[in-house]
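What follows is a set of notes on a single structure, which appears directly below.
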Amino acid sequence: MSDDLPTEDLQEIASRFSSLLRILTHGNGGERPRKTRDMLIDRLRDALDRRLPQLPSENPAFIARSFLLEETVDRRARTEIGRLRHRDLGTLHALKTVPADRVADAVDRDLLLREARIGMALRHPCLVQTQMVLRLADGRPAIVMEWAGQPLSERLSSSLVSISAIIAGMRRLLRGLRAIHDTGYVHCDISPGNLLLPDDDFSGLKIADFGVALERGKRHRDLDIRITGTPSFMAPEQADDAAADPRNDLYCAGRVLSLLLERCQETGNDAEGLKALAGHLSASDASMRPASAGTALGLLDEAERNIARS
Ligand SMILES: Nc1ncnc2c1ncn2[C@@H]1O[C@H](COP(=O)(O)OP(=O)(O)O)[C@@H](O)[C@H]1O
Ligand SMILES: [Mg+2]
């Protein structure tokens, strides 16, 4: 703002400022003025908060008075994902909730809370961290997570990937799976849309979306969960709703590895060991797959050593 505003303008600002202060400190009763006052307080706070570069729209949406909803990034029949910025810390987070028109759907609400509980039970650097569970003003439950960048599906649609990035990404995926399996769960939906790349970095890959995860030995039909994985990545036994087994996830990991190799910028012998590993992981007979994510990690290390030697 210019320093040399005409005196009339300064008087106008002073008079508006005192009206603003009057509204903020005394209000003038009634539901609507109270809402306007809350909105003004929010806006003033944000104007004073230097971490927010600007308010993005006329009517910014705030969550729990603490987060600014910057953008809705994904909207599906049963879930909605937004990108949040914490107003005081400046940190980015993801918010997962049910769409507003399903606020009354008890099944969807329960499934989201179930996902939240599983997310809270899982703690590992290779897994998207669930940070808290909130109730939105209209009663919808909402999961607040760390923001973990773009999904692998998007990254692969825009550019190719190197062998070293594939190995780094697969190592993170298998470590994350080992942590999930060690906690007693099977993810059941490992697919490129559920693998996120913070800062577009494969060595930071994180597994997201515990929405259809199962306790080992359980079946989706036991829990009335209709969605059971992304079809082209799903293990054959999952289509029959077999009891959840960690090797279901290894099948999906093998399909992810095959896809990464299809999008690999390097050709030649280096990819051969990785191709063999992809085939081993996604063997249609579960008993022919590596016994665990830990075993698969050992095989990945071996493939990497062979590449280094060649
Ligand atoms: N923590 C997060 N950080 C960044 N983007 C996310 C995050 N969680 C979800 N997303 C985005 O939202 C999309 C859908 O989220 P997901 O949890 O997989 O929902 P659904 O259960 O509907 O599959 C993801 O593919 C990703 O683009
Ligand atoms: Mg998903």
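The values are calculated or read from the model by the stated rules, or taken from the named source; none is laboratory data. Quick caveat, the model's predicted, so the values are computed rather than measured. Neighbour counts are summed over all protein chains in view; Cβ atoms, including those assigned to glycine, are modelled from backbone coordinates with ideal geometry. Accessible surface areas use protein heavy atoms only, side chains included; no ligands, DNA or RNA. Shrake-Rupley method; radii C 1.70, N 1.55, O 1.52, S 1.80 Å.
How many residues does the range 228-240 contain that are within 14 Å of ligand 1 (Cβ to nearest atom) and either over 28 Å from L197 (Cβ atoms) or loosely packed, with under 15 Cβ neighbours inside 10 Å (or both)?
Of the residues in the range 228-240, 1 are within 14 Å of ligand 1 (Cβ to nearest atom) and either over 28 Å from L197 (Cβ atoms) or loosely packed, with under 15 Cβ neighbours inside 10 Å (or both).
Given the conditions (1) farther than 18 Å from R172 by Cβ; (2) among the hydroxyl-bearing types (S, T, Y); (3) surrounded by 14 or more Cβ atoms within 10 Å (Cβ to Cβ), report the number of the one that S292 does not fulfil.
Here S292 clears every test but (1).
Within the range 269-276, is even one residue touching a strand residue (DSSP E or B) at 6+ places or on another chain (Cβ under 8 Å), touching a residue at least 12 places away in the same chain (Cβ under 8 Å) and farther than 11 Å from L174 by Cα?
Within the range 269-276, the subset touching a strand residue (DSSP E or B) at 6+ places or on another chain (Cβ under 8 Å) is 271.
Of the ones still in play, those that are also touching a residue at least 12 places away in the same chain (Cβ under 8 Å) are 271.
Retained after the next criterion (residues that are farther than 11 Å from L174 by Cα): 271.
There is at least one residue in the range 269-276 that is touching a strand residue (DSSP E or B) at 6+ places or on another chain (Cβ under 8 Å), touching a residue at least 12 places away in the same chain (Cβ under 8 Å) and farther than 11 Å from L174 by Cα.
Per-residue answers, yes or no, for (1) free of Cβ contacts under 8 Å to residues at least 24 places away in the same chain; (2) open to solvent by less than 20 Å² (accessible area, probe 1.4 Å):
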position: S203; (1), (2): no, no
position: I207; (1), (2): no, yes
position: D222; (1), (2): yes, no
position: R226; (1), (2): yes, no
position: A242; (1), (2): yes, no
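Identify all residues within the range 126-140 that are without any contact (Cβ under 8 Å) to a residue 12 or more places away in the chain and in a loop (DSSP other than H, G, I, E, B); write none if there are none.
Initially, the range 126-140 is screened for residues without any contact (Cβ under 8 Å) to a residue 12 or more places away in the chain, giving 135, 137.
Correct list: A137 only.
So which pairs qualify, if the first residue must be in the range 70-82 and more than 9 Å from ligand 1 (Cβ to nearest atom), the second must be among the acidic types (D, E) and at pLDDT 95 or above, the Cβ gap must be under 8 Å, and the two must be at least 6 apart or on different chains?
Every condition considered, the pairs that remain are T72/E80.
Checking R51 against (1) over 22 Å from R85 (Cβ atoms); (2) surrounded by 12 or more Cβ atoms within 10 Å (Cβ to Cβ); (3) at pLDDT below 60, which single condition isn't satisfied?
(1)
Which of (1) farther than 22 Å from K206 by Cα; (2) open to solvent by 50 Å² or more (accessible area, probe 1.4 Å) is the odd one out, the single condition L113 does not satisfy?
The one condition L113 does not meet is (1).
Which residues, counting only those in the range 142-200, are part of a strand (DSSP E or B) and within 13 Å of ligand 1 (Cβ to nearest atom)? Give the derivation first.
Of all residues in the range 142-200, those part of a strand (DSSP E or B) come to 142-146, 150-151, 161, 185-186, 195-197.
Of everything in the range 142-200, those that are part of a strand (DSSP E or B) and within 13 Å of ligand 1 (Cβ to nearest atom) turn out to be A142, I143, V144, M145, E146, Q150, P151, L195, L196, L197.
Mind checking which residues of the range 211-220 are open to solvent by less than 10 Å² (accessible area, probe 1.4 Å) and in contact with a helix residue (DSSP H, G or I) (Cβ under 6 Å, 6 or more places away or on another chain)?
Within the range 211-220, A213 is the sole residue that qualifies.
Name the pairs: first residue in the range 20-47 and of a type in the set (A, V, I, L, M), second residue outside any helix (DSSP H, G or I) and at pLDDT below 65, Cβ to Cβ under 8 Å, at least 6 apart or on different chains?
If the second residue must be outside any helix (DSSP H, G or I) and at pLDDT below 65, the pairs left are A47/L55.
Report, by residue number, each residue of the range 116-139 that is open to solvent by less than 30 Å² (accessible area, probe 1.4 Å) and under 18 Å from R83 (Cβ atoms).
G119, V128, T130, L136, listed by residue number.
Hey, does the range 257-266 have a residue that's free of Cβ contacts under 8 Å to residues at least 40 places away in the same chain and open to solvent by 40 Å² or more (accessible area, probe 1.4 Å)? It would help to see each step written out before you state the result.
If we filter the range 257-266 for residues that are free of Cβ contacts under 8 Å to residues at least 40 places away in the same chain, which is where we start, we get 258, 262.
Adding the requirement that they be open to solvent by 40 Å² or more (accessible area, probe 1.4 Å) leaves 262.
Yes, there is a match, as at least one residue in the range 257-266 is free of Cβ contacts under 8 Å to residues at least 40 places away in the same chain and open to solvent by 40 Å² or more (accessible area, probe 1.4 Å).
Can you tell me which residues in the range 72-95 are in a loop (DSSP other than H, G, I, E, B) and open to solvent by less than 60 Å² (accessible area, probe 1.4 Å)?
Just the residues of the range 72-95 that are in a loop (DSSP other than H, G, I, E, B), to begin with: 76-79, 87-91.
Result: R78, T79, R87, G90, T91.
Within the range 176-205, which residues are within 13 Å of ligand 2 (Cβ to nearest atom), in contact with a helix residue (DSSP H, G or I) (Cβ under 8 Å, 6 or more places away or on another chain) and not hydroxyl-bearing (S, T, Y)? Give the steps one after another, and end with the answer.
First, the residues of the range 176-205 that are within 13 Å of ligand 2 (Cβ to nearest atom): 187-196.
Add one more test, that the residue is in contact with a helix residue (DSSP H, G or I) (Cβ under 8 Å, 6 or more places away or on another chain), and what stays is 187-193, 195-196.
H187, C188, D189, I190, P192, G193, L195, L196, listed by residue number.
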